[in-house]
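The values are calculated or read from the model by the stated rules, or taken from the named source; none is laboratory data. Only a predicted model underlies this, so the values are computations on that prediction, with no experimental measurement involved. Cβ coordinates were reconstructed from backbone atoms using ideal geometry, including for glycine residues, and neighbour counts include every protein chain displayed.
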Amino acid sequence: MGDLIHVSRTPFEANASHLRRVSFCMESDMTTESPVDIDTGPFRALLEESLTERLAIIEELAPHALPSIDPMAYQTLAANRRAVDEITNALNRIDAGTYGRCARCSGWIAPARLEAVPHAATCIDCSRAAA
Ligand SMILES: [Zn+2]
């Protein structure tokens, strides 16, 4: 008899703890979805530093970076101009308070991705979808 009660209770208890786990997961998901105060200071410093570097490269290459004269320099110049655009956009997002949000799905970009690619405008999923 005592054993029966024990046996019949166990699944209920297991369910209850499962439910607690589920609601805990939902809470942590909500934390991920709600606006997080990203410390943009270090990212701004990184972006400004690489912006300065890119602009210096552009200034150096621009005079002779013509496809007919130096195709390699021309490609490097084009890549750096794209990067300058991306970095400038990221700095604008910091100013607008939308830095760290994906431009496509408006989900949060993983902090590790921002550390690797501070000018990333999309989350890893969207960037893979676009590639
Ligand atoms: Zn996305």
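Within the set Leu66, Leu77, the sole residue that is surrounded by 18 or more Cβ atoms within 10 Å (Cβ to Cβ) and of a type outside the set (Phe, Trp, Tyr) turns out to be Leu77. Within region 73-131, the only residue that satisfies the criterion of being of a type in the set (Asp, Glu) and within 10 Å of the ligand (Cβ to nearest atom) is Asp125. The helices (runs of 4 or more DSSP H) found entirely in region 58-131 that carry 2 or more residues being at pLDDT below 95 and farther than 22 Å from Ala45 by Cβ are 71-96, 124-130. Restricting the first member to region 105-117 and to residues that are free of Cβ contacts under 8 Å to residues at least 24 places away in the same chain and under 24 Å from Val84 (Cβ atoms), and the second to residues that are assigned to a helix (DSSP H, G or I) and not aromatic (Phe, Trp, Tyr), the beta-carbon pairs closer than 6 Å and six or more apart or on different chains are Arg113/Ile124.
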